[in-house]
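What follows is one structure encoded as structure tokens, with my remarks underneath.
The values are calculated or read from the model by the stated rules, or taken from the named source; none is laboratory data. A quick note: this is a predicted structure, and the numbers were derived from the prediction, not measured. Positions of Cβ are generated from backbone atoms using ideal geometry, with glycine treated the same way; all protein chains shown enter the neighbour counts.
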Amino acid sequence: MDDKRDIRFQALKARRALPADEHHHASIRIQNTLLAWINAMDAAHYPLLTYRAMSDEVNTDHLFTAHTGRIFAPVTHERGHMHWHEVTPDTAWQRGALDVREPRDGPTWEPATGRAILACPLVAFDRHGNRLGLGKGCFDLWLSRFRSDIFAVAGLAFACQEVPEVPVEAHDIPMDYVITEHEVITCRIS
């Protein structure tokens, strides 16, 4: 299982096999753990950059109402480029280029906004912080520009998505932490 395609196939199969109630309860645990972790790290003053989930990803809806600080969601363009709009109770949502809910407009996160915490989706991960996504490269491309402006990169995943080793290429950017329904895995210290 050293090929990315095989790893992606197996991890997606495991994620999709989660019963709906287990997916729901695990997603809530992961989101609450992330919020508690942010508070424990004394990092609530950092903006939170997080995604709106695709069908079987860890759901993040709770974060958009429970996080007490500023929160931003990505807008993805063709060819994987992203930028982030601030989300408020009045945010209007639309389906984006990848058929994911995205904010229609709002203030944009820029490095001048201040260092941020990035909570990203993933398909598979290992304990070294290596992440395998859907293969579009959106997060790696974005992080290649803004990594120094990010306080911490936390992947949100179900425990069933863990693999012994994710093959790494030069453009892959590792995560600092992975948060599952069972634990917070410290992958590396920034």
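Could you check segment 122-165 and list, in sequence order, the residues that are of a type in the set (D, E, K, R) and closer than 25 Å to residue 110 by Cβ? If the condition is that a residue be of a type in the set (D, E, K, R) and closer than 25 Å to residue 110 by Cβ, then 131, 136, 140, 145, 147, 149 are the ones that fit. Is one or more of the residues making up segment 167-184 hydrophobic (A, V, I, L, M, F, W, C), surrounded by 17 or more Cβ atoms within 10 Å (Cβ to Cβ), in contact with a strand residue (DSSP E or B) (Cβ under 6 Å, 6 or more places away or on another chain) and outside any loop (DSSP other than H, G, I, E, B)? Taking every residue of segment 167-184 in turn, at least one turns out to be hydrophobic (A, V, I, L, M, F, W, C), surrounded by 17 or more Cβ atoms within 10 Å (Cβ to Cβ), in contact with a strand residue (DSSP E or B) (Cβ under 6 Å, 6 or more places away or on another chain) and outside any loop (DSSP other than H, G, I, E, B). Would you tally the residues in segment 116-147 being farther than 16 Å from residue 76 by Cα, in contact with a helix residue (DSSP H, G or I) (Cβ under 8 Å, 6 or more places away or on another chain) and surrounded by fewer than 17 Cβ atoms within 10 Å (Cβ to Cβ)? Result for segment 116-147: 0.
From the list 113, 76, the lone residue that is of a type in the set (Ser, Thr, Tyr), surrounded by fewer than 22 Cβ atoms within 10 Å (Cβ to Cβ) and out of contact with any helix residue (DSSP H, G or I) (no Cβ under 6 Å at 6 or more places or on another chain) is 113.
All of (1) in a strand (DSSP E or B); (2) more than 15 Å from the chain's Cα centre (by Cα) hold for residue 72 with one exception: (2).
Residues in segment 162-176 that are touching a Lys or Arg at 6+ places or on another chain (Cβ under 9 Å) and among the β-branched types (Val, Ile, Thr) were compared, and the one that is farthest from residue 12 (Cα to Cα) is 173.
Taking the criterion of being farther than 17 Å from residue 120 by Cβ and either surrounded by fewer than 19 Cβ atoms within 10 Å (Cβ to Cβ) or touching a strand residue (DSSP E or B) at 6+ places or on another chain (Cβ under 6 Å) (or both), the residues of segment 19-40 that qualify are 19, 20, 21, 22, 24, 25, 28, 29, 32, 36, 39, 40. Whether any residue in segment 92-109 is in a strand (DSSP E or B), touching a residue at least 60 places away in the same chain (Cβ under 8 Å) and crowded, with 17+ Cβ neighbours inside 10 Å is what I want to check. No. Taking segment 128-143 as the search range and keeping residues that are of a type outside the set (Gly, Ala, Ser) and out of contact with any strand residue (DSSP E or B) (no Cβ under 6 Å at 6 or more places or on another chain), which one is modelled with the lowest pLDDT? Result: 136. Within segment 73-83, the set of residues being closer than 17 Å to residue 61 by Cβ and free of Cβ contacts under 8 Å to residues at least 40 places away in the same chain comprises just one member, 73.
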